[in-house]
Amino acid sequence: MVPQIPPTGITKDMMSTPTTHTYAVTGMTCSHCVASLCEKVEELVGVQSVEVDLDSGRLSVGGEDVDDGAVRAAVAEAGYEVIS
Ligand SMILES: [Cu+2]
């Protein structure tokens, strides 16, 4: 992918702000599941932080311009399912 170069004088910080999205994920049963899911999501463009809570199945993804569809695809690729 070609990196996007912002116009002169405008930094990335001025164009976007970090946001956190939370998803409910099913299929995780142990800490290995958490680790493999984290690994997949951390690879995505713009992701700055990933938090997974095994008990509640909650996945929190923080970053800038993180693609919602890409997060869902990464979860599926890791073998789990986003239910909301
Ligand atoms: Cu597991």
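The values are calculated or read from the model by the stated rules, or taken from the named source; none is laboratory data. These numbers come from a predicted model, not from an experiment. In this analysis, Cβ positions are derived from the backbone assuming ideal geometry, glycine residues included, and neighbour counts consider all displayed protein chains.
Before moving on, here are some points about what is shown:
- Set V82, V41: member being surrounded by 14 or more Cβ atoms within 10 Å (Cβ to Cβ) and either within 8 Å of the chain's Cα centre (by Cα) or among the aromatic types (F, W, Y) (or both): V41
Yes or no, residue by residue, for (1) over 19 Å from A78 (Cα atoms); (2) at pLDDT below 95; (3) touching a Phe, Trp or Tyr at 6+ places or on another chain (Cβ under 7 Å); (4) within 16 Å of the ligand (Cβ to nearest atom):
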site	(1), (2), (3), (4)
P7	yes, yes, no, no
D13	yes, yes, no, no
C38	no, no, no, yes
E42	no, no, no, no
D65	yes, yes, no, no
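- Matching entry among S56, S49 (being modelled with pLDDT of 95 or more, out of contact with any Cys (no Cβ under 7 Å at 6 or more places or on another chain) and within 19 Å of E81 (Cβ to Cβ)): S56
- Odd one out for R72 among (1) modelled with pLDDT of 95 or more; (2) in a loop (DSSP other than H, G, I, E, B): (2)
- Pairing residues of the range 20-46 that are in contact (Cβ under 8 Å) with a residue 60 or more places away in the chain and closer than 19 Å to S84 by Cα with residues that are among the basic types (K, R) and more than 13 Å from the ligand (Cβ to nearest atom), at Cβ distances under 7 Å and at least 6 apart in sequence or on separate chains, gives A24/R58.
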